[in-house]
Structures are given as C-alpha cells and as structure tokens.
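Trainee: Here it is, the structure, as structure tokens.
The values are calculated or read from the model by the stated rules, or taken from the named source; none is laboratory data. Treat the numbers as computed from the prediction; the structure is a model and nothing was measured. Because the Cβ atoms are built from the backbone with ideal geometry, glycine has one as well, and the counts that use them run over all protein chains shown.
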Amino acid sequence: MDDVHTQREKMRVYVKIYASLRQYVPNAAEIMRQEGWEVAQGASVEDVLKELHFPESLKILALINGVHCKDRGEPLKDGDQLLLYPLMSGG
C-alpha cells in the first residue's frame, strides 16, 4: 500500500542540461539518459534547480516543453520536458 501512495506523490520529468551548466551537475549525463527524472508531484522549475544544486546566482534560461518559463514557481506536470540553458551575454 505504501508503494502505491509513494508513486502518487512522485512524477517524472525529462531534464536536459546544456553547455556550461553541466559543470554544476556532476551526474548531468546520467540524468539526461534516464527515462525521466523522479521529482515530487507539483514540483516547480525552481524546486528542480535547487535539487540539482545550481547556485542561486546563476542565470538560467528554462523552457518547459519548448516554451520559455517566465515564472520559476510554475509547477511541472508528469512527463514535462525541462530544458536548461545558460544565459549568454555579449554581442
């Protein structure tokens, strides 16, 4: 019974970490190869960034299913794809 209850409290999202952001997540390649990464039901983009241990000062562009995420408090849904890119500057 506990296993069923636990499964309801978790969901899977597909996380892709690009470019220089990989240096902050030692197991980035493993996370990206998995059939989804298990997070708490209703986890937000911010929750995932914290769980991956990115520094809070780091500027990250996040896309959910290819759409720019303007609110990092936005909850993710089971099966969402979260793409993480470093913000670049210059010109």
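Trainee: Just to verify a result, which residue in region 1-26, among those that are assigned to a loop (DSSP other than H, G, I, E, B) and surrounded by 12 or more Cβ atoms within 10 Å (Cβ to Cβ), is modelled with the highest pLDDT?
Mentor: Tyr18
Trainee: Let me ask something else about it. Going by the structure shown, is Leu63 touching a residue at least 24 places away in the same chain (Cβ under 8 Å), surrounded by 12 or more Cβ atoms within 10 Å (Cβ to Cβ) and not in a helix (DSSP H, G or I)?
Mentor: Criteria not met by Leu63.
Trainee: What do you reckon, is Lys70 at pLDDT 95 or above, in a loop (DSSP other than H, G, I, E, B) and of a type in the set (Lys, Arg)?
Mentor: So Lys70 fails the test.
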